[in-house]
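Asks: Handing you a structure now.
The values are calculated or read from the model by the stated rules, or taken from the named source; none is laboratory data. Everything numeric here is computed off the predicted structure, so don't read it as measured data. Because the Cβ atoms are built from the backbone with ideal geometry, glycine has one as well, and the counts that use them run over all protein chains shown. Just so you know, the surface numbers come from the protein's heavy atoms only, side chains and all, with ligands and any DNA or RNA stripped out. Shrake-Rupley method; radii C 1.70, N 1.55, O 1.52, S 1.80 Å.
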Amino acid sequence: MFRILKKTLTTGMLTERFKFPKDAELEQLGIEIKQQIDRRFSGSLAIRQVDAGSCNGCELEIHALNNPYYDIERFGIHFVASPRHADILLVTGPVSRHMQTALLRTYDATPNPKWVIAVGDCAVCGGEFGESYASCGKVANVIPVDVTIPGCPPSPLVLMSGILGLMKG
Amino acid sequence: MSTQHNDWCSEFLTRVIAAGIPVTHIEKSTFDIWQINAYDWQQFAEFAHHEGLRWSAGWAEQRDAQYLVNACFEKQGSYIVLRATLDEAAAELPSQATVYPAANRSERHTHDLFGVKFTDHPDPRRWVRHQAWPEHSYPLRKDFPAAGYPEAVTPPDMNYPFIKADGAGVYEIPVGPVHAGIIEPGHFRFQAVGELILNLEERLGYVHKGIEKIAEGRTPESLARLAGRVSGDTTVGHAWAACQAMEQAAEISIPPRAALLRGILAERERIANHLGDMGAICNDVAFIFAQVHFTRLRELWLRSNAKIFKSRLLMDCIIPGGVSCDILEADCIVVREDIKRLRKELDQLIPALDLNTTLEDRLYTAGFLSEPIAAAFGALGYVGRASGQTFDIRRDAPYSPYDKVAFKVAAENQGDIASRFWVRYKEIIAAMKLLEQFMQQLEPGELTTPWQIPTAGAEGLGIIEGWRGEIISFVRFDSGNTIARFYPRDPSIINWPALEKLVLNNIVPDFPVCNKSLNGSYSGNDL
Ligand code: SF4
């Protein structure tokens, strides 16, 4: 226990003491996101992530949003376990045909009003996989998309500005 | 080829032939092809099993009106590719899955995509096919267009014949394909009594993207990009394996500096993934302290990747003939400092974890995979190494740059989640030492070897130790520098079935941590 406390104390608060050049940008983004969320979503935005066929690269970067450097929850953004709790679906991958119905059902299960963000080149335009016997291609081919975040995969900062883009849009 | 190879190989070959199985032997620089008759397919497997060969990969390809069916075996670091040629009209051969459980899903995959029938298969249900194409239609046949004949909405796979269990108090829990976290889709079907798992059946194939089909006709550069997206967390491993196969076919070898850079990229990928997994395992038993620190260390590691290689996940750094990135003297200093810091941090963190009763309580004895089962399935990477299977290509069949470094394979033998956790830790330590050795050996030099157009029909087999374990990548060229066939065998394809075994007699709430301790790639499995 002592070791844990010591490590915790010596590591300190990462989320407030940024040492990287881009962190001013991150803070600024965060503040803007928070303002928009406060205004439009009463302070909390629930996101349900759906992998509709990705290579899992995009998931790694979405995961990173929860690490102590980005800690996206402090801006009021929370990843939820059910589409029924979600305001936003964050969809990755080209939509594989085997996931098409699952994605449609997840979309239907999300209460209105709802928004869809297509994350990563695959979700935005089909990416490296495109359309085929096995892939429906971009997410917009299956469900309506409000905002796209290109990149292969988009970095956590790009993801954050994309989410902000939706709220400003 | 090592003399050791020739020893067991030629003796074995003599015995196989003496037993009445005719073999045509084609020697290649890095692997041998043994051509046999289709009807001997299963009997050969029995011999191979008796001889202690490990079944490693299986794939097929169509050439004109014939199918070539392949199975790759390994022993003591030497590989042979067994091959049978089938006429279109009689596309069947006896299954090897009766001898090697590892061949089970692979043969079903080949059947669903080629229509090659494996007779006496212990489980002839469909595998990768859900409802995106009809039963008697086979996407990897040449007459099947890449665009296929899709319906506007592909229906869900409702009637898959899952295994049933009944009895007093037995109930079923279906989970997925959409899971409750930020993870890939797949379906798990549990039969449980109370909290105890009696049986687990995995149903994968949800992220099948037709990778093998859309690889056809690509240029080498384009195939490297696609290979780097077979499983995003293994972009370096798969791109390397595919490039190694293509380079073999083109008969070129990469410059020493490029080989060292590939080694640096691969070890950086290994460390990043292990850090992420160690955090996630702790998170699944609600030990958030460790998760916070491991995700922090992973983030720092990825930022250095971005700084040096312009890509956090190291996408597209490996290209046919070499690498697309370089490492400057200043970058080497960054890497050395990273290593120093990571060592120091782990020295602080690891004792705190080692002495923690929560972790001890949840990780020890849970998710037990016995040595015999791990061996039977040919479990790879950290899953195998936690259950006494110490095979590591970097040591046992070293390719450049691993042939010039000292290296110790991490191993544990308790077979539980804790073992898989500690193997990852030891692999991080070993990977840091490898990074240091690679950087020390760096000399100024070329980053790529000029490409040579391979002859039509040239083939290559890439064999790389990815962070999850052995990756096998088969490539054949058509004329005009285009790809005729690409088959990447991710280690997940081999390891997934082990999860069905290691969860038995665990409680349902421990499934997430059992799953994370194995961490199979869905995308790498479904292709
Ligand atoms: S955009 Fe790139 S990282 Fe994301 S799923 Fe597609 S290939 Fe993978």
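Asks: Ordering B:E443, B:E202 by how much accessible area each has at a 1.4 Å probe, largest first, what is the list?
Replies: The ranking, largest first, comes out as B:E443, B:E202.
Asks: Is the shape of region B:211-525 rounded, prolate or oblate, going by the alpha carbon gyration tensor and its root eigenvalues a ≥ b ≥ c, with a/c under 1.5 for rounded and a/b larger than b/c for prolate?
Replies: oblate
Asks: Probe radius 1.4 Å, ligands and nucleic acids ignored: give me the carbon and sulfur share of the accessible area of region B:301-405 as a rounded percent.
Replies: Accessible surface attributable to carbon and sulfur in region B:301-405 totals 55 percent.
Asks: OK, next. Rounded to whole Hz and in sequence order, give me ³J(HN,Hα) for region B:18-24 from the Karplus expression 6.51 cos²θ - 1.76 cosθ + 1.60, θ = phi - 60°, writing x for Gly and Pro.
Replies: Couplings: 4, 7, x, 9, x, 10, 9 Hz.
Asks: Quick one: which residues, 5+ away or cross-chain, put their amide H under 5 Å from the amide H of A:S135? H built at 1.01 Å from N.
Replies: So A:S135 has HN proximity to A:R97.
Asks: Scan chain B and report its longest stretch carrying no chymotrypsin sites (Phe, Trp or Tyr not before Pro) that are both in a DSSP loop and have at most 16 other Cβ atoms within 10 Å. Walk me through the intermediate numbers first.
Replies: Working: sites that count: B:F162, B:Y364, B:F407.
The reported range is B:163-363.
Asks: In the P(r) worked out for region A:70-128, what percent of Cα pairs fall beyond 20 Å?
Replies: 32 percent
Asks: Give the angle, between 0 and 90 degrees and rounded to the nearest 10, that separates the Cα long axis of helix A:100-109 from the longest principal axis of the Cα atoms of chain A.
Replies: 60 degrees
Asks: Which loop-located GluC sites (Glu not before Pro) does region B:205-278 contain, where loop means any DSSP state but H, G, I, E or B and the Cβ has at most 14 other Cβ atoms within 10 Å?
Replies: When the GluC sites (Glu not before Pro) of region B:205-278 are filtered for loop state and at most 14 Cβ neighbours within 10 Å, B:E251 remain.
Asks: Suppose R0 equals 45 Å. What FRET efficiency, 1/(1 + (r/R0)^6) with r the Cβ-Cβ distance, do A:R39 and B:E360 give to the nearest 0.05?
Replies: Given R0 = 45 Å and the Cβ-Cβ separation, E is 0.40.
Asks: Would you grab the residues whose amide H sits under 5 Å from the one on A:I77? Only those 5+ places off in sequence or on another chain, please, with H modelled 1.01 Å from N.
Replies: Those lying under 5 Å, H to H, from A:I77 are A:L45.
Asks: In region A:25-64, if every C-alpha pair distance is counted and binned at 5 Å from zero, what percent goes to each bin?
Replies: 6, 19, 16, 19, 19, 15, 6, 0
Asks: Can you pull the percent of Cα pairs in chain B with separation above 46 Å?
Replies: Summing the P(r) tail past 46 Å for chain B gives 10 percent.
Asks: With θ set to phi - 60°, apply the Karplus curve 6.51 cos²θ - 1.76 cosθ + 1.60 along region B:467-480 and write out the HN-Hα couplings as whole Hz, x wherever there is a Gly or Pro.
Replies: After applying 6.51 cos²θ - 1.76 cosθ + 1.60, I find 5, 8, x, 4, 10, 10, 10, 9, 9, 10, 9, 8, 6, x Hz.
Asks: Once the whole set of protein chains is in place, how much accessible area is left on A:D146, using a 1.4 Å probe, in Å² to the nearest 10?
Replies: Counting only protein heavy atoms, A:D146 exposes about 80 Å² to solvent.
Asks: Let me cross-check B:V178: its accessible surface, 1.4 Å probe, with only protein heavy atoms counted, in Å² to the nearest 10?
Replies: The accessible area of B:V178 comes to roughly 50 Å².
Asks: Turning to a different aspect of this structure: Just the accessible area for B:T154, please: 1.4 Å probe, Å², rounded to the nearest 10?
Replies: Estimated to the nearest 10 Å², B:T154 gives 0 Å².
Asks: In whole angstrom, and with the biggest value first, how far do the Cα coordinates of region B:257-414 range along each principal axis?
Replies: Cα extents, longest axis first: 46, 37, 25 Å.
Asks: With the Cα gyration tensor of region B:409-469 in hand, convert its eigenvalues to equivalent ellipsoid semi-axes via √(5λ) and list them largest first in whole Å.
Replies: Working: eigenvalues 236, 88, 8 Å².
One finds semi-axes of 34, 21, 6 Å for region B:409-469.
Asks: Another one. By what distance, in whole Å, do the Cα atoms of region B:1-130 stretch along each of the three principal axes, largest value first?
Replies: 46, 30, 27
Asks: Please list 3J(HN,Hα) in residue order for region B:447-454, calculated via the Karplus relation 6.51 cos²θ - 1.76 cosθ + 1.60 where θ = phi - 60°; whole Hz, with x for glycine and proline.
Replies: Karplus-based 3J(HN,Hα) across region B:447-454 equals 9, 9, 9, x, 6, 10, 5, x Hz.
Asks: Over chain B, what is the relative contact order in whole percent, taking alpha-carbon pairs under 8 Å and six or more residues apart?
Replies: In percent, rounded to a whole number, it is 17.
Asks: Output needed for region A:22-168: three equivalent-ellipsoid semi-axes, defined as square roots of 5 times the C-alpha gyration tensor eigenvalues, in descending order, whole Å.
Replies: Semi-axis lengths for region A:22-168 are 25, 17, 12 Å.
Asks: 7 Å from Cα along Cα→Cβ at both B:Q414 and B:E337: what's the point-to-point distance in nm?
Replies: Spacing of the two 7 Å Cα→Cβ label points: 3.7 nm.
Asks: Still on this model: What number, rounded to the nearest 500 deg cm²/dmol, is the helix-based mean residue ellipticity at 222 nm of the protein assembly as shown, given -39500 (n - 2.57) per DSSP H run of at least four residues and division by all its residues?
Replies: Mean residue ellipticity at 222 nm (helix-derived): -12500 deg cm²/dmol.
Asks: Averaged per residue, what accessible area in Å² does region B:395-527 show with a 1.4 Å probe, protein chains only?
Replies: Details: 4220 Å² over 133 residues.
That works out to 32 Å² for each residue.
Asks: With bins 10 Å wide starting at 0, give me the P(r) of region B:391-527 over every alpha carbon pair, in whole percents.
Replies: In whole percents, the pair-distance histogram is 10, 28, 31, 20, 9, 1.
Asks: Show B:R336, B:R108 ordered by accessible area, largest first, where the area counts protein heavy atoms only and the probe is 1.4 Å.
Replies: Reading off the accessible areas and sorting them downward yields B:R336, B:R108.
Asks: How big is the charge dipole of region B:3-119 about its Cα centre, in debye rounded to the nearest 20, if each Lys and Arg gets +1 on its Cβ and each Asp and Glu gets -1 on its Cβ?
Replies: In total the dipole reaches around 220 debye.
Asks: Where does helix A:2-11 land angle-wise versus the long Cα axis of chain A, in degrees 0 to 90, nearest 10?
Replies: Compared with the principal axis, the helix lies near 80 degrees.
Asks: What fraction of the Cα pairs in the protein assembly as shown, stated in percent, has a spacing above 49 angstrom?
Replies: On the way: 24108 of 241860 pairs.
When all Cα pairs of the protein assembly as shown are counted, 10 percent exceed 49 Å.
Asks: Using a 1.4 Å probe on the protein heavy atoms, what percent of the accessible area of region B:3-119 belongs to carbon and sulfur?
Replies: On region B:3-119, the fraction of accessible area on carbon and sulfur atoms equals 49 percent.
Asks: A follow-up question, please. Indicate, rounded to the nearest 5 percent, the antiparallel portion of the DSSP beta bridges found entirely in the protein assembly as shown.
Replies: 70 percent
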